[in-house]
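Peer 1: If you scroll down you'll find the structure; I have some questions about it.
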Amino acid sequence: MLSFNDAEEQIVNKILDSLAAMDCQQINFSVESVLSFSNITIYPQECRIEINGESLTLSRRQFALLYLLACNVGRILTKEQIYSHVWNEVVPINVDETIRYHISEIRKKLNELAGIDCIETVWGIGYRFKESK
């Protein structure tokens, strides 16, 4: 059993209250199956993406970011969630700029190859993958 003085107990209670108030959601991080959408196929075991039968070349982190979003179609992922999963670093560095840059590069490559816009910015929150039509 732990015992705390009044000040320590208040801090512990604030931490517990903060944790209880957090909206924790399960995010799918599995790297199992091939994902297929109308014109995009993602092969996670091979780190390969095909769009209308043509290969799309992405860096390792760009691939991981796109795959993470695609595994969670329609779900908004915060920049912090994306960074935590893709970069897996203890101390996050320039999260906003890092994510924004990589999203921009992925969008540019998707657009150049097939005119696809499947990553939606949800202002003030993060990003989500949407199936292109």
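The values are calculated or read from the model by the stated rules, or taken from the named source; none is laboratory data. Small disclaimer: the values here were computed from a predicted structure and weren't measured. Positions of Cβ are backbone-derived with ideal geometry, glycine not excepted, and every protein chain shown enters the neighbour counts. Protein only, heavy atoms only, side chains kept; ligands, DNA and RNA dropped before computing areas. Shrake-Rupley method; radii C 1.70, N 1.55, O 1.52, S 1.80 Å.
Peer 1: What's the number of the only condition in (1) within 17 Å of the chain's Cα centre (by Cα); (2) of a type outside the set (Ser, Thr, Tyr); (3) modelled with pLDDT of 85 or more that residue 29 fails to meet?
Peer 2: (3) is the only condition that residue 29 fails.
Peer 1: May I ask you to list the residues in the stretch 61-78 that are in a helix (DSSP H, G or I) and either polar (S, T, N, Q) or farther than 19 Å from residue 41 by Cβ (or both)?
Peer 2: 61, 62, listed by residue number.
Peer 1: In contact (Cβ under 8 Å) with a residue 40 or more places away in the chain, assigned to a helix (DSSP H, G or I) and either open to solvent by 60 Å² or more (accessible area, probe 1.4 Å) or over 24 Å from residue 44 (Cβ atoms) (or both): which single residue out of 102, 85 fits that description? So that I can check it myself, show each step before the final result.
Peer 2: Numbers: 102 fails: either open to solvent by 60 Å² or more (accessible area, probe 1.4 Å) or over 24 Å from residue 44 (Cβ atoms) (or both).
On inspection, the qualifying residue turns out to be 85.
Peer 1: If you don't mind, another one. Mind counting the residues in the stretch 112-127 that are touching a residue at least 12 places away in the same chain (Cβ under 8 Å) and either more than 14 Å from the chain's Cα centre (by Cα) or open to solvent by less than 60 Å² (accessible area, probe 1.4 Å) (or both)? Steps first, answer last, please.
Peer 2: Filtering the stretch 112-127 down to residues touching a residue at least 12 places away in the same chain (Cβ under 8 Å) leaves 113-114, 116-119, 121-122, 125-127.
Restricting the remaining residues to those that are either more than 14 Å from the chain's Cα centre (by Cα) or open to solvent by less than 60 Å² (accessible area, probe 1.4 Å) (or both) gives 113-114, 116-119, 121-122, 126-127.
Number satisfying all stated conditions: 10.
Peer 1: Please find, among 109, 130, the residue that is touching an Asp or Glu at 6+ places or on another chain (Cβ under 6 Å) and in contact (Cβ under 8 Å) with a residue 40 or more places away in the chain. I'd like the intermediate steps shown before the answer.
Peer 2: Details: 109 fails: touching an Asp or Glu at 6+ places or on another chain (Cβ under 6 Å).
Of the residues listed, the single one that is touching an Asp or Glu at 6+ places or on another chain (Cβ under 6 Å) and in contact (Cβ under 8 Å) with a residue 40 or more places away in the chain is 130.
Peer 1: I'd like to know if the stretch 62-74 contains one or more residues that are open to solvent by 50 Å² or more (accessible area, probe 1.4 Å) and out of contact with any strand residue (DSSP E or B) (no Cβ under 6 Å at 6 or more places or on another chain).
Peer 2: Step one: of the stretch 62-74, the residues open to solvent by 50 Å² or more (accessible area, probe 1.4 Å) are 73.
Now restrict to residues that are out of contact with any strand residue (DSSP E or B) (no Cβ under 6 Å at 6 or more places or on another chain): none.
Checking the stretch 62-74: not a single residue is open to solvent by 50 Å² or more (accessible area, probe 1.4 Å) and out of contact with any strand residue (DSSP E or B) (no Cβ under 6 Å at 6 or more places or on another chain).
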